[in-house]
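K.L.:
Right, I'll just put the structure down here and ask away after.
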Amino acid sequence: MSRIGRHPIAVPAGVEVKIDGSTVTVKGPKGTLTRTVHKNMNVALEDGHVVVTRPDDSNLNKSLHGLTRTLIANMVEGVEKGYSKELEVNGVGYRAQKQGKDLVLNIGYSHQVIMSEVEGITIDVPSPNKIVVSGPDKQQVGQFAAEIREKRPPEPYKGKGIKYADEHIRRKEGKAGKGGK
């Protein structure tokens, strides 16, 4: 049996889970998330816990079991607490600012890079070199943060660019000069 899949998901107070066939809807203080799970997976609500079971031990069902349980657990945590990714902007003259619902990045190009907030995502710029992307959907938050980072990935020589706050950039040594033999 899947070690992750067999754990029941506790539904905290203030979070409502509705299961309609293979569609799971989770509603909480941070928003509402809906996901259609694979038809082989059985999702049930039993005394305040969501339980995911599989019909048999085929390889497909084994792999889907833990995945389905984790996706539903992420939905429950997302509508209760939310997810956030923090990015840092490093470089001389590089900065980020918020204009209305747009994120405006000055990152060394001849033009400003403008990214609009998508539905379900909140962008916050507490300082010119820090960007916080938050929302209830873990996948959507991670994807949007990756798209921001993609506009100017950090380079290994000076470390200039946009990186995750917890990311370590492996630095390289520059070119060696014309010295010695």
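What follows draws every value from the coordinates through simple rules; no lab data is involved. In this text, all values refer to a predicted model and were calculated from it rather than measured experimentally. Note: ideal-geometry Cβ built from the backbone for every residue, glycine included; neighbour counts use all protein chains shown.
K.L.:
Say we join alpha carbon atoms closer than 10 Å with springs in a Gaussian network model of the chain; which of 124, 20, 137 then has the biggest fluctuation?
P.N.:
Judging by the Gaussian network model, the answer is 20.
K.L.:
Run the quick spin-label model on residue 143 and residue 122: label points 7 Å from Cα toward the beta carbon, then report their separation in nm to one decimal.
P.N.:
The modelled label-to-label distance comes out at 2.1 nm.
K.L.:
Counting alpha carbon pairs within less than 8 Å and at least 6 residues apart, what relative contact order, in whole percent, applies to the chain?
P.N.:
Values: 343 pairs, mean separation 32.3, N = 181.
After rounding, I find 18 percent.
K.L.:
Could you give the length gained by full extension between residue 173 and residue 38, i.e. 0.36 nm per residue of separation minus their alpha carbon distance, to one decimal place?
P.N.:
Details: separation 135, 0.36 × 135 = 48.60 nm, distance 4.92 nm.
Here the answer is 43.7 nm.
K.L.:
To the nearest 10 degrees, how steeply does helix 59-80 sit against the main Cα axis of the chain, on a 0 to 90 scale?
P.N.:
The angle comes out near 70 degrees.
K.L.:
Also, quick follow-up: For the chain, what does the convex hull of the Cα positions come to per residue, in cubic angstrom?
P.N.:
On the way: hull volume 31.9 nm³, N = 181.
Dividing the Cα hull volume of the chain by its residues yields 176 Å³.
K.L.:
Along Cα→Cβ, 7 Å out, is where each label goes; now give me the distance between the ones at residue 60 and residue 46 in nm to one decimal.
P.N.:
Output for this residue pair reads 2.5 nm.
K.L.:
What order do you get for 67, 103, 45 when you list them from fewest to most C-beta neighbours inside 10 Å?
P.N.:
Working: 67 17, 103 22, 45 14.
In order of increasing Cβ crowding within 10 Å: 45, 67, 103.
K.L.:
While we're on this one: Using only Cα positions of segment 124-181, each an equal point scatterer, no hydration layer, compute I(q)/I(0) via Debye at q = 0.29 Å⁻¹ and quote the log10 values to two decimals.
P.N.:
Cα-only, vacuum Debye calculation for segment 124-181: -1.25.
K.L.:
Follow-up. Which angle between 0 and 90 degrees, to the nearest 10, do you get for helix 138-150 versus the longest principal axis of the chain when only C-alpha atoms count?
P.N.:
The helix 138-150 is inclined about 10 degrees to the chain.
K.L.:
Quick one: in segment 83-164, what % of C-alpha pairs are over 15 Å apart? All intermediate terms of the calculation are to be shown ahead of the outcome.
P.N.:
Working: 1705 of 3321 pairs.
Counting every Cα pair in segment 83-164, those more than 15 Å apart make up 51 percent.
K.L.:
May I pose another question? Among the chymotrypsin sites (Phe, Trp or Tyr not before Pro) within segment 132-181, which fall in a DSSP loop and have no more than 12 other Cβ atoms within 10 Å of their own Cβ?
P.N.:
Details: sites: 144, 157, 164; in loops: 157.
Answer in residue order: 157.
K.L.:
Let me ask something else. In whole angstrom, how far apart do the alpha carbon centroids of segment 1-27 and segment 58-122 sit?
P.N.:
With segment 1-27 and segment 58-122 each reduced to a Cα centre, they are spaced 23 Å.
K.L.:
With label points built 7 Å along Cα→Cβ from the Cα atoms of residue 86 and residue 109, find their separation and express it in nm.
P.N.:
Label-label distance for residue 86 and residue 109, simple model: 2.7 nm.
K.L.:
Among 54, 149, 170, which one shows the highest mean-square fluctuation when the chain is modelled as a Gaussian network with alpha-carbon springs under 10 Å?
P.N.:
Of 54, 149, 170, the Gaussian network model singles out 170 as fluctuating most.
K.L.:
Now, a different point. Stretched out fully, how many nm does the piece from residue 6 to residue 151 gain, at 0.36 nm a residue minus the Cα gap? Working shown, then result.
P.N.:
Details: separation 145, 0.36 × 145 = 52.20 nm, distance 4.04 nm.
Length gained, residue 6 through residue 151: 48.2 nm.
K.L.:
Take every Cα-Cα distance within segment 1-87, group them into 10 Å bins from 0 onward, and report for each bin the whole-number percent of pairs it holds.
P.N.:
18, 50, 25, 6, 0
K.L.:
Based solely on its DSSP helices, what 222 nm [θ] is calculated for the chain when runs of n ≥ 4 H residues each add -39,500 (n - 2.57) and the sum is averaged over all residues, nearest 500 deg cm²/dmol?
P.N.:
Values: 2 runs with 35 residues, N = 181.
My calculation for the chain gives -6500 deg cm²/dmol from helical runs alone.
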